[in-house]
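Enquirer: Encoded as structure tokens, here's the structure I'll be asking about.
The values are calculated or read from the model by the stated rules, or taken from the named source; none is laboratory data. This is a predicted model, so every value here is computed, not measured. No Cβ is skipped: glycine too gets one built from the backbone with ideal geometry, and neighbour counts run over all protein chains shown. Areas reflect the complete protein model, heavy atoms only, side chains present, ligands, DNA and RNA absent. Shrake-Rupley method; radii C 1.70, N 1.55, O 1.52, S 1.80 Å.
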Amino acid sequence: MSAATGARRTPLCDEHVAAGARIVEFAGWAMPVQYGSILAEHRAVREAAGLFDVSHMGEVEIVGPRAEELCAKLFTNDARVLAPGRAQYSMIPTEDGGVVDDIIVYRLEHERFLVCVNASNAATDLAWIRERAIDGASIVDRSDETGLIAIQGPKAAAIVVRLAPALASLPRMGCTEAEVGGITLVAARTGYTGEDGFELFCPAERAVALWRLLVETGRDDGLALCGLGARDTLRIEAALPLYGHELGLDISPYEVRLGWAVKANRPGMVGYEALVRAAAGGATRRLIGLFVEGGIAREGAAVFTPGAPEAAGRVTSGTHSPTLGRPVAMALVDGKVAAATTAASANGAEAVLEVDVRGKRRRAVVTRLPFCVKRPAA
Amino acid sequence: MEVPDDLRYTSEHEWVRVEPDGTVTVGITDYAQSQLGDIVFVELPKAADEPEVTRDEPFAVVESVKAASDIYAPISGKVIEVNEELPDSPNTINEDPYGDGWLVRLQPKNVAEVEELMDSDAYEELISELGE
């Protein structure tokens, strides 16, 4: 715990310490980075199931007759098309087309939206939304009263359904009020690992009971407790963006393959003009996937076309892929360089770049994203 | 945390064993491997070149999922053998840091340098101060 004194604690912090987790400070929170081996936790999620405490994330409710209008004004994806009981990936754009945060918007009822935001941006997001509030849409911060537990992996559904049979029919990106082991909560079929699974928004004071119930219920299925370390390797393999890495105030959604989550068809939307311009102008940079040879390229590593003196871009996230057993990286590179590699790949050639790994230029083969293709649902 | 009493240690968490033939085997400690976590990549010097290493200068890299770590030469000398198995199974360092997870064997330039390294008691005190 020495690494995280003074940090905020989730309702599950004592559970993590008791389970032998290594605790680190992340976004001002004391969070488990790993319980034992990151590789073993990662493998459990790909092959069985993993349990994550993500209570550090923020939850904001937008409620009222004009809640939909406020969501449509402040978020890139079109909340108006969202039916009650459905969720969508979205972003909070700036006026100049950058991104304040990426979020999941859950429409719980016609006039009630739940917005799940990143822990590192929660305070900024809340202030941002409040500053742009409109009459008829009240904004309620539910972060402190909400615990959030994610259960992910091919066996996640079987474990959850044993406790709440009604959740068997919840579709991908669906959300509903449910009772799990006697605890009333909001269950969503969402997650951040590339696997099937659920995110369970529960009252903070019931988080420990829910956590223990899931641990017990999933024991024979190989359910593993998972920390932030495995969460990061899993999301990189699935090429899921992380704010501050693939997303930021100075990165356009179109540069990082997230144009699909921008429905810039609403002139009243914040950033409308900038995003329309960005969509028409074509991306000047592009997110690509790399297999790096001879070392792990970490965030910030410079990317080059072979032999060129000037960098063509930089690595946004890099790690060892436990599933593939090799280093992988995502990089934001010059649009022309990205286009050239795409053209080479289309001709069946290997598109090769170089990455500066700790002072040495390493060969890096361009590959499609995501690195690991989601297996079909069983 | 295992700290064998027949080894010598550096403050950078390398260990040194003096072999009967006067050569020296070098690895990283149990504490170091546990701090690093799952080790997934190891870069060692090429034994065939018999490169010289210099005390306190980096000669190898060990990378875990979380971070890369330079490995510093505990003494000066010539590399006479490297653990060829490690690049293919880097997590051997996690499993057996004082045994099969050794990194290199050195021909010391000056044996007296070994005597300047910490003994197990001093190293144990160091890691207890560092915590975990």
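Enquirer: In this structure, is A:GLY64 surrounded by fewer than 22 Cβ atoms within 10 Å (Cβ to Cβ) and either β-branched (Val, Ile, Thr) or over 20 Å from the mean Cα position of the chain (by Cα) (or both)?
Expert: Judged against the criteria, A:GLY64 is a match.
Enquirer: Also: Select, from A:LEU290, A:LEU369, A:LEU275, the only residue that is assigned to a loop (DSSP other than H, G, I, E, B) and either within 23 Å of B:GLU43 (Cα to Cα) or open to solvent by less than 60 Å² (accessible area, probe 1.4 Å) (or both).
Expert: Only one candidate passes the filter, namely A:LEU369.
Enquirer: Now, a different point. Of everything in segment A:244-272, what is touching a residue at least 60 places away in the same chain (Cβ under 8 Å), open to solvent by 40 Å² or more (accessible area, probe 1.4 Å) and not hydrophobic (A, V, I, L, M, F, W, C)? Give them in sequence order. It would help to see each step written out before you state the result.
Expert: Restricting attention to segment A:244-272, the residues satisfying the condition of being touching a residue at least 60 places away in the same chain (Cβ under 8 Å) are A:244-253, A:255-258, A:261-266, A:268-271.
Imposing the further condition that a residue be open to solvent by 40 Å² or more (accessible area, probe 1.4 Å) reduces the set to A:244-245, A:249-250, A:257, A:263, A:265, A:268.
Result: A:GLY244, A:HIS245, A:ASP250, A:ARG257, A:LYS263, A:ASN265, A:GLY268.
Enquirer: Still on this structure, I have one more. Let me spell it out: the conditions are (1) at positive phi; (2) within 14 Å of chain B (Cβ to nearest Cβ), and A:PRO322 meets all of them except one. Which number is the exception?
Expert: Every listed condition holds for A:PRO322 apart from (1).
Enquirer: Restricting to segment B:44-69, give me the number of residues that are over 15 Å from B:ASN91 (Cβ atoms), assigned to a strand (DSSP E or B) and either within 14 Å of another protein chain (Cβ to nearest Cβ) or in contact (Cβ under 8 Å) with a residue 60 or more places away in the chain (or both).
Expert: We begin by selecting, within segment B:44-69, every residue over 15 Å from B:ASN91 (Cβ atoms); these are B:44-61, B:67-68.
Right, trim to assigned to a strand (DSSP E or B) and you get B:52-53, B:58-61, B:68.
Adding the requirement that they be either within 14 Å of another protein chain (Cβ to nearest Cβ) or in contact (Cβ under 8 Å) with a residue 60 or more places away in the chain (or both) leaves B:58-61, B:68.
Number satisfying all stated conditions: 5.
Enquirer: Please verify whether B:ILE80 is open to solvent by 40 Å² or more (accessible area, probe 1.4 Å), away from chain A (no Cβ under 13 Å) and in contact (Cβ under 8 Å) with a residue 40 or more places away in the chain, treating the condition exactly as stated. First the steps, then the outcome.
Expert: Numbers: open to solvent by 40 Å² or more (accessible area, probe 1.4 Å): yes; away from chain A (no Cβ under 13 Å): yes; in contact (Cβ under 8 Å) with a residue 40 or more places away in the chain: yes.
Here the answer is yes, as B:ILE80 does meet what is asked.
Enquirer: Let me ask something else. Sort out which residues of segment A:345-362 are in contact with a strand residue (DSSP E or B) (Cβ under 8 Å, 6 or more places away or on another chain) and away from every other protein chain (no Cβ under 14 Å), and write them in order of number.
Expert: The answer is A:SER345, A:GLU350, A:ALA351, A:VAL352, A:LEU353, A:GLU354, A:ARG361.
Enquirer: Separate question: Within segment A:4-44, how many residues turn out to be in contact (Cβ under 8 Å) with a residue 24 or more places away in the chain, within 14 Å of chain B (Cβ to nearest Cβ) and assigned to a helix (DSSP H, G or I)?
Expert: Qualifying residue count, segment A:4-44: 8.
Enquirer: For B:THR25, work out the one condition from (1) within 12 Å of the chain's Cα centre (by Cα); (2) open to solvent by 60 Å² or more (accessible area, probe 1.4 Å); (3) in contact (Cβ under 8 Å) with a residue 60 or more places away in the chain it doesn't fulfil.
Expert: B:THR25 satisfies every listed condition except (2).
Enquirer: Take B:GLU116 and tell me if it is out of contact with any helix residue (DSSP H, G or I) (no Cβ under 6 Å at 6 or more places or on another chain) and away from chain A (no Cβ under 14 Å).
Expert: When the stated conditions are applied, B:GLU116 passes them.
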